[in-house]
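Working notes for the structure below.
The values are calculated or read from the model by the stated rules, or taken from the named source; none is laboratory data. Here the structure is a predicted model, which means the values were calculated and not measured. Here the Cβ positions follow ideal geometry from the backbone for every residue, glycine too, while neighbour counts run over all protein chains shown. For accessibility, only protein heavy atoms count, side chains too; no ligands or nucleic acids. Shrake-Rupley method; radii C 1.70, N 1.55, O 1.52, S 1.80 Å.
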Amino acid sequence: MSYEVTIPMPEDKRLNHYQYTVVRVGSVIVTFSAQDLGKHASFPADLMRKQVERISTAQRKH
């Protein structure tokens, strides 16, 4: 699941962008988040895939 939250900053009216992604990997829930001021925030998809693969592999070994 992935969602975004955008909040206007009261000082200068720029938008504070947050992105949250939640992934269930076996018995583990993994969260990724990114924040940026004034532009769209996103967590790198390739990095998320690598981390999910690592967690999945580690769970299979135990």
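Numbers at a glance
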| read-out | value |
| --- | --- |
| Assigned charges on the beta-carbon of Lys, Arg, Asp, Glu; the chain dipole about Cα centre (debye) | 400 |
| Dipole of the chain [Lys/Arg +1, Asp/Glu -1 at C-beta], most positive-end residue of VAL52, LEU37, ILE7 | VAL52 |
| Under-5 Å amide H pairs with SER42, H placed in peptide plane, nonlocal only | none |
| Other-chain or far-sequence residues with amide H under 5 Å of VAL30's (modelled H) | VAL23, ARG24, VAL25 |
| Stokes-Einstein diffusion coefficient of the chain, Kirkwood radius over Cα pairs, 25 °C, 0.890 mPa s, in µm²/s | 188 |
| J(HN,Hα) series, segment 5-21, from Karplus relation 6.51 cos²θ - 1.76 cosθ + 1.60, nearest Hz, glycine and proline x | 10, 10, 10, x, 7, x, 5, 9, 6, 6, 9, 9, 9, 10, 10, 10, 10 |
| For the chain: accessible area per residue (Å², 1.4 Å) | 77 |
| Relative contact order (%) - the chain, alpha-carbon pairs under 8 angstrom, separation at least six | 25 |
| Degrees between helix 45-61 axis and first principal axis of the chain (Cα, 0 to 90, nearest 10) | 30 |
| The chain - percent of accessible surface contributed by carbon and sulfur, probe 1.4 Å | 55 |
